[in-house]
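To start, the structure under review is shown below, and the notes come after it.
Every number in this text was worked out from the coordinates using simple rules, so none of it is lab data. Since we're looking at a predicted model, the values are computed, not measured. As a convention, Cβ positions derive from the backbone with ideal geometry for all residues, glycine included, and neighbour counts pool all protein chains shown.
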Amino acid sequence: MKALLAIDQGTTSTRAIVFDAAGHKLGTHQVELPQSFPKPGWVEHDALQIRDDAIACVRGALKAAKLGAKDIAGIGITNQRETAVIWDRKSGKPIHPAIVWQDRRTADFCAKHADRSEWLSERTGLLLDPYFSATKIAWMLEHVDGARARAENGELAFGTIDSWLLWTLTGGKVHATDASNASRTALFNLRTQDWDDELLTFFGVPRALLPEVMDCAAEFGATDGALFDGAIPIRGILGDQQAATVGQACFAPGMIKSTYGTGCFMVLNTGEEFVRSRNKLLSTVAYRFGGKTTYALEGSIFVAGAAVQWLRDAVHLIESAGDTEKLARSIEDTEGVYLVPAFTGLGAPYWDPQARGAIFGLTRNSGIAHIVRAALESVCYQTRDLLGAMREDAMDPTELRIDGGMVVNDFVAQSLADILQVAVVRPATVETTALGAAFAAGLQAGVYDSLDSISKLWEAEAHFKPALASKKADALYAGWQTAVERVRSQPGE
């Protein structure tokens, strides 16, 4: 049986993992990806570095697995979503650094057109917010000399990171994306499953700039034979949170997962129904296989693991992420210290791009351990914000499947169960984002004959049940809500 290879291109790292058909890792290679912050609220990446890192990671993973191109049934690509790249079709060079999903430079545009948010949501399931790709594309077309004319002439191409990688890996032969990534641009109509002309006009985005939208499992082309030791078919693409939903086998309506990486993203499968949120959650494509779309509700938190990075890199309170669990357990509680990590604004359910981070409740007794524990607990409180919104919009889950780099920390996993007051389950494979992309490629390659066959491969590694009294959890969460109100640009809205 041939193996599957996933390229997982994230906000802070790029990696490739080779899996066998049972979902077990055979080899992996990962490199960190630096971000640049040219102005407050601006976040950028070097798209050429992302390309080079992806190629290096594939080579490294194949070497670690002791396999060659001929042994791979298909590549699945999963990626940080919403991050926008525009490049020249002839030279292959980006016209501007990639504008990252966290970037808030278009906040004024969104505020100016706030009256169009409901109109946009009806078509896309999204909000009018700098988070999504459309305003980033519009900004580049306005601020890069000659870009608009070149775009209208068909000389330029836009892509989210999946599309950029697909184009570069195929030697510029394929300009395409999948439905899950398209659904995060604010240019894609969820009902028609196509680019929306009215949205394109509103944002000033020429259709000639856009990639073809395909299913999440499809024949996307093959890698340039010179890159590896032969061509490898690319057979799956999913945005990172949709890939994690597939990797967690959340295939039935009502199943819910939450991924903890740079940010935190909770996804609730709503089946074939496009559910509109009443609580500022997003409606999105969960996945599209065989032309059949499955929808989801999603809550997005901008800063989760990024708070730990901040502790390490900006304020130097820890040397590595692994230090956080011991520090958090060294004290009984934070003694009223709350850290609100609104470094790039607040995501769901607040959607306040002007909010900024703060630490509250410091006393003479407060130390590094209190701040570190408050940073970890902030992730749990933000997750409760999302869960509360989902309960009001759709259903009340009894179990939450978790994944991502943060949840290898048992303190975080148990704190989630305590603060949410629901059972939390960690899978045997926490790299569910990469695994979901591999599963999509495997579906297309015939390694799996159905989603049911994938579901049977999923297994739990640990269960965490609430050990904190519900009244205590409610009191802690009330303190969090007070802290959040104090950082909001327009409290109470």
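Computed from phi, the 3J(HN,Hα) profile of the stretch 87-97 under the Karplus parametrisation 6.51, -1.76, 1.60 (θ = phi - 60°) reads 9, 7, 5, 7, 7, x, 9, x, 7, 6, x Hz, with x in place of Gly and Pro.
A Förster radius of 25 Å, combined with the Cβ-Cβ distance separating D194 from S455, puts the computed FRET efficiency at roughly 0.25.
Around H29, under 15 Å between beta carbons, what's the net of Lys plus Arg minus Asp minus Glu among the other residues? Neighbour charge sum, excluding H29 itself: 0. Which FRET efficiency, nearest 0.05, do K472 and R364 yield, Cβ-Cβ r, R0 35 Å? Computed FRET efficiency for K472 and R364 comes out at 0.90.
Report the one residue of H175, S163, G254 whose Cα lies farthest in the direction of the positive end of the charge dipole of the stretch 158-283 (charges on C-beta: Lys and Arg +1, Asp and Glu -1; origin at the Cα centre). So the residue furthest toward the plus end is G254. Could you run the Debye sum over the Cα atoms of the stretch 3-240, one equal point scatterer each and no solvent, and tell me log10 of I(q)/I(0) at q = 0.08 Å⁻¹, two decimals? For the stretch 3-240 at q = 0.08 Å⁻¹, log10 I(q)/I(0) is -0.29. Need one word for the stretch 140-220: rounded, prolate or oblate. Basis is the Cα gyration tensor (sqrt eigenvalues a ≥ b ≥ c); a/c below 1.5 gives rounded, then a/b vs b/c decides. Oblate. Kirkwood hydrodynamic radius computed over the chain comes to 22.5 Å, based on all pairs of distinct alpha carbons. Computed extension length for A114-T201: 29.7 nm, one decimal, from 0.36 nm per residue of separation with the Cα-Cα distance subtracted. Helices of the chain meeting both criteria, an alpha-carbon length of 18 angstrom or more along the long axis and an average Kyte-Doolittle score not below -0.5, with helices taken as full DSSP H segments, are 47-65, 368-393, 432-445, 470-487. Counting 0.36 nm for each residue step from A314 to H143 and taking away their Cα separation leaves a gain of 58.5 nm. Cross-link check: pairs K136/K173; K70/K173; K173/K456; K70/K456 evaluated at a Cα-Cα cut-off of 30 Å; pairs beyond the cut-off: K173/K456. Spatially, the stretch 410-479 and the stretch 133-195 are offset by 32 Å when compared through their Cα centroids. Between the C-alpha center of the stretch 70-131 and that of the stretch 250-323 there is a gap of 16 Å. For the chain, the mean residue ellipticity at 222 nm estimated from helices alone is -10000 deg cm²/dmol, where every DSSP H run of n ≥ 4 contributes -39500 (n - 2.57) and the total is divided by all residues, rounded to the nearest 500.
Looking at the stretch 362-403, the trypsin sites (Lys or Arg not before Pro) that sit in a DSSP loop and have at most 10 other Cβ atoms within 10 Å of their own Cβ are R364. Computed from the Cβ-Cβ distance with R0 of 41 Å, the FRET efficiency linking K2 to D323 stands at 0.50.
Expressed as a rounded percentage, what relative contact order does the chain have, with Cα pairs under 8 Å and six or more residues apart? Dividing the mean separation by the residue count of the chain yields 15 percent.
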